[in-house]
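Worksheet: one structure, shown below.
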Amino acid sequence: MIEKKADLEIIDIKPRGYCKGVIRALSIVKRTREENPETTISILGKIVHNRYITEALNYYRIKTIDIPGLTREELLQYVDQGILILSAHGTGKRIVEIAKAKGLTVIDAVCNDVVSTHDIIGHALAQDTQIVFIGKNMHPETEAILQNFPRAHLITQESDINILNLDSTKNILITNQTTLSILEIQSIIQAILDKYPQAEVNNEICGATRVRQEAIIKQSKLDALVVVGDPNSNNTAMLAQIGFEHGIKHVVRIESIEDLMLDGLKQGWRVGITSGASTPTYLTEMVSHYLKNVDLTNPQRKPEIDLTKILE
């Protein structure tokens, strides 16, 4: 019997999935529940940007307090008891003070790379250096930076530089949110330097974000790219954007195998699969395994997602 050749050539792009910051945050959350089996545990905002992780945490009776449009301080009014876990994105000091004043036990799951950015900005401001911070408006990492360092100047796009009014006689430091595109940030930094050539640059895009983006650039000859991740995950969005910018004509973002559409895929295509730094490996592997065995003319039924495997 002749074995049927696979319809698609699947390229598992590495690295992908959980970064060290996400692994650390989830480890803290799971350990907190194990050590406090009956205590009310709440997370202020999503621990990381992935809906399935939030649903899996609900399974372990860990409530995520997240209402679109509300700041972390506004979300805090919905927590009155127990343990409060702060997300990996960083949190304003005022939030911690309010939480402790309410009698909450506060546990911080902030990523070490985010802590590094806060330390750099704090040190620079102590030296009377002006701070230009490149970030996404309303992103929790940016929100925390602006709360802790209200003198920082936020740049969300190149056009913001037109209204940037700094003292050219004083030191200037340019830094950024850790999950931005390595390509997008280069043009913004250069535009700032064109206006303030004396400024220093401390590029804080984290290593996990950088290597995942560089891995996409190296795979520019793919016919298609599937990016698995939460629609609200910035680092996931950047992976898809870089795929488009490097000539991959068919790029799709899906949250899980449930969103996978086969209509645009053609037999014989080389299809790369990657995922954001907050995407469970389990979800990405489901997509990879399905596509490696798919019959495009008569697709198999998609497997169901098991929430108990999300945090593994």
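Across region 28-74, what is the number of residues that are on the phi > 0 side of the Ramachandran plot and buried (at least 18 other Cβ atoms within 10 Å of the Cβ)?
The total comes to 1.
Filter region 99-124 down to the residues that are surrounded by 15 or more Cβ atoms within 10 Å (Cβ to Cβ), under 28 Å from residue 38 (Cα atoms) and not small (Gly, Ala, Ser) and list them by number.
104, 105, 106, 107, 108, 110, 111
Does residue 216 satisfy being touching a helix residue (DSSP H, G or I) at 6+ places or on another chain (Cβ under 7 Å) and buried (at least 16 other Cβ atoms within 10 Å of the Cβ)?
yes
Could you tell me how many of the residues in region 231-258 are surrounded by fewer than 24 Cβ atoms within 10 Å (Cβ to Cβ) and in a loop (DSSP other than H, G, I, E, B)?
Residues meeting the conditions: 8.
Anything in region 74-126 that is of a type in the set (D, E, K, R) and outside any helix (DSSP H, G or I)? List them, or say none.
Hits for region 74-126 are 80, 102, 108.
Can you tell me which of 255, 214 is out of contact with any Asp or Glu (no Cβ under 7 Å at 6 or more places or on another chain) and charged (D, E, K, R)?
After ruling out the rest, the residue left standing is 214.
Residues of region 259-307 being over 30 Å from residue 58 (Cα atoms), in contact with a helix residue (DSSP H, G or I) (Cβ under 9 Å, 6 or more places away or on another chain) and touching a residue at least 40 places away in the same chain (Cβ under 8 Å), which ones?
Once the filter is applied, which keeps residues that are over 30 Å from residue 58 (Cα atoms), in contact with a helix residue (DSSP H, G or I) (Cβ under 9 Å, 6 or more places away or on another chain) and touching a residue at least 40 places away in the same chain (Cβ under 8 Å), region 259-307 yields 265, 271, 272.
In region 127-136, how many residues are surrounded by 15 or more Cβ atoms within 10 Å (Cβ to Cβ) and either of a type in the set (Asp, Glu) or not in a strand (DSSP E or B) (or both)?
3
What are the residue pairs meeting all of these: first residue in region 66-88, first residue in the same structural domain as residue 45 (by TED's automatic domain parsing), second residue of a type in the set (Lys, Arg), Cβ atoms under 6 Å, and 6 or more apart or on different chains?
Within 6 Å, the pairs are 66/46.
Just the residues that are charged (D, E, K, R) and either part of a helix (DSSP H, G or I) or touching a Gly at 6+ places or on another chain (Cβ under 6 Å) (or both), please, taken from region 259-312.
259, 285, 292, 309, listed by residue number.
Just to be sure I understand the filter: pairs with C-beta atoms under 9 Å, separated by 6 or more residues or on different chains, first member in region 241-258 and over 18 Å from residue 179 (Cα atoms), second member polar (S, T, N, Q) and surrounded by fewer than 16 Cβ atoms within 10 Å (Cβ to Cβ). Which pairs pass?
Note: pairs meeting the criteria are 246/220; 247/220; 248/220.
Looking at region 165-177, can you tell me whether even one residue there is more than 22 Å from the chain's Cα centre (by Cα), among the basic types (Lys, Arg), in the same structural domain as residue 277 (by TED's automatic domain parsing) and surrounded by fewer than 16 Cβ atoms within 10 Å (Cβ to Cβ)?
Within region 165-177, not a single residue is more than 22 Å from the chain's Cα centre (by Cα), among the basic types (Lys, Arg), in the same structural domain as residue 277 (by TED's automatic domain parsing) and surrounded by fewer than 16 Cβ atoms within 10 Å (Cβ to Cβ).
Please work out which one of (1) surrounded by 15 or more Cβ atoms within 10 Å (Cβ to Cβ); (2) free of Cβ contacts under 8 Å to residues at least 60 places away in the same chain; (3) over 23 Å from residue 9 (Cβ atoms) is the condition residue 204 fails and give its number.
Result: residue 204 fails condition (2) only.
The values are calculated or read from the model by the stated rules, or taken from the named source; none is laboratory data. What you see is a predicted model; the values in this text were computed from it and never measured. Because the Cβ atoms are built from the backbone with ideal geometry, glycine has one as well, and the counts that use them run over all protein chains shown.
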